[in-house]
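Novice: Starting off with a structure, shown below.
The values are calculated or read from the model by the stated rules, or taken from the named source; none is laboratory data. Just so you know, these numbers come straight off a predicted model, no measurement behind them. Cβ sites come from the backbone with ideal geometry, for glycine too, and all protein chains shown count toward neighbours.
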Amino acid sequence: MISGYSSTVNGSEQRSTLRDVRTAAAGPRSTRWRRILVGLLVLLVGTGATGLLGVHSTTRSGSGGGYEVTVEYAAVARAGLDVPWQVQVRRVGGFDGPVTLAVTADYFDIYEEQGLDPQPTAESSDGTYLYWTFDPPPVGDQLAVDFDAYIQPSSQLGSSGEVSVLVGNERVATTEFHTWLVP
């Protein structure tokens, strides 16, 4: 029997199982979409292998009232990774008394906290901001506060925040920051 045709054998029609096979003249099916998807997959794996999808930290600063506040934070991160978050407050000539920072409270929703160093001598919140009060450093004109944390595994989106130095109830130095999370 010739493939692609039917014939009659002993009074019953026999059909070929090759009847719907494409002929050589029709050519192979398009591989364009497979090539595009494989290319995207190679691009994604290559990007991950170069570290471009890892943690990228940066710093932002603001000043006013004789104070300078600088925050180092993860600008880009992924869930489950340790990330930096450090605030440095500087005042030429040193500090006259305790230093109070106001930090956007919901920014920390993306973190699993491991600790704050040094620990504040007083903490409070008004629902929008966390207020941390620190004793001034015994020497020097700089206070550094480290937040030891990693991004929660369930965090999918980034978060924005700001940190301000308060003198009395007035914000004298403020800086804003944003962490973007990638899959």
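Novice: Residues in segment 104-147 that are aliphatic (A, V, I, L, M) and part of a strand (DSSP E or B): how many?
Specialist: Within segment 104-147, the first condition is being aliphatic (A, V, I, L, M), and the residues that meet it are 105, 110, 116, 122, 130, 139, 143-145.
Now drop any that are not part of a strand (DSSP E or B), which leaves 116, 122, 130, 143-145.
The total comes to 6.
Here is a yes/no grid of residues against (1) part of a loop (DSSP other than H, G, I, E, B); (2) closer than 30 Å to Gln156 by Cβ; (3) at pLDDT 90 or above:
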{"position": "Val71", "(1), (2), (3)": "no, yes, yes"}
{"position": "Arg90", "(1), (2), (3)": "no, no, yes"}
{"position": "Asp96", "(1), (2), (3)": "yes, no, no"}
{"position": "Ala102", "(1), (2), (3)": "no, yes, yes"}
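Novice: Residue pairs, Cβ under 6 Å, 6 or more apart or interchain, first in segment 103-115 and closer than 13 Å to Ala79 by Cβ, second β-branched (Val, Ile, Thr). List them.
Specialist: Sorted first by the residue in segment 103-115, then by its partner, the pairs are Ile110/Ile151.
Novice: Could you list, in sequence order, all residues of segment 57-110 that are of a type in the set (Lys, Arg) and either surrounded by fewer than 16 Cβ atoms within 10 Å (Cβ to Cβ) or over 13 Å from Glu176 (Cα atoms) (or both)?
Specialist: Initially, segment 57-110 is screened for residues of a type in the set (Lys, Arg), giving 60, 78, 90-91.
Across segment 57-110, the qualifying residues are Arg78, Arg90, Arg91.
Novice: Separate question: Scan segment 111-128 residue by residue and report those that are small (Gly, Ala, Ser) and either crowded, with 18+ Cβ neighbours inside 10 Å or in contact with a Ser or Thr (Cβ under 6 Å, 6 or more places away or on another chain) (or both).
Specialist: Ala122, the sole residue that qualifies.
Novice: Given the conditions (1) more than 30 Å from Gly54 (Cβ to Cβ); (2) touching a residue at least 12 places away in the same chain (Cβ under 8 Å), which single one is not true for Ser124?
Specialist: (2)
Novice: Going through segment 153-183 one residue at a time, which ones are surrounded by 15 or more Cβ atoms within 10 Å (Cβ to Cβ), polar (S, T, N, Q) and not in a strand (DSSP E or B)?
Specialist: Residue satisfying the conditions is Ser155 alone.
Novice: Do we have Val87 as closer than 16 Å to Gly62 by Cβ, over 19 Å from the mean Cα position of the chain (by Cα) and among the hydrophobic types (A, V, I, L, M, F, W, C) here?
Specialist: Numbers: closer than 16 Å to Gly62 by Cβ: yes; over 19 Å from the mean Cα position of the chain (by Cα): no; among the hydrophobic types (A, V, I, L, M, F, W, C): yes.
When the stated conditions are applied, Val87 does not pass them.
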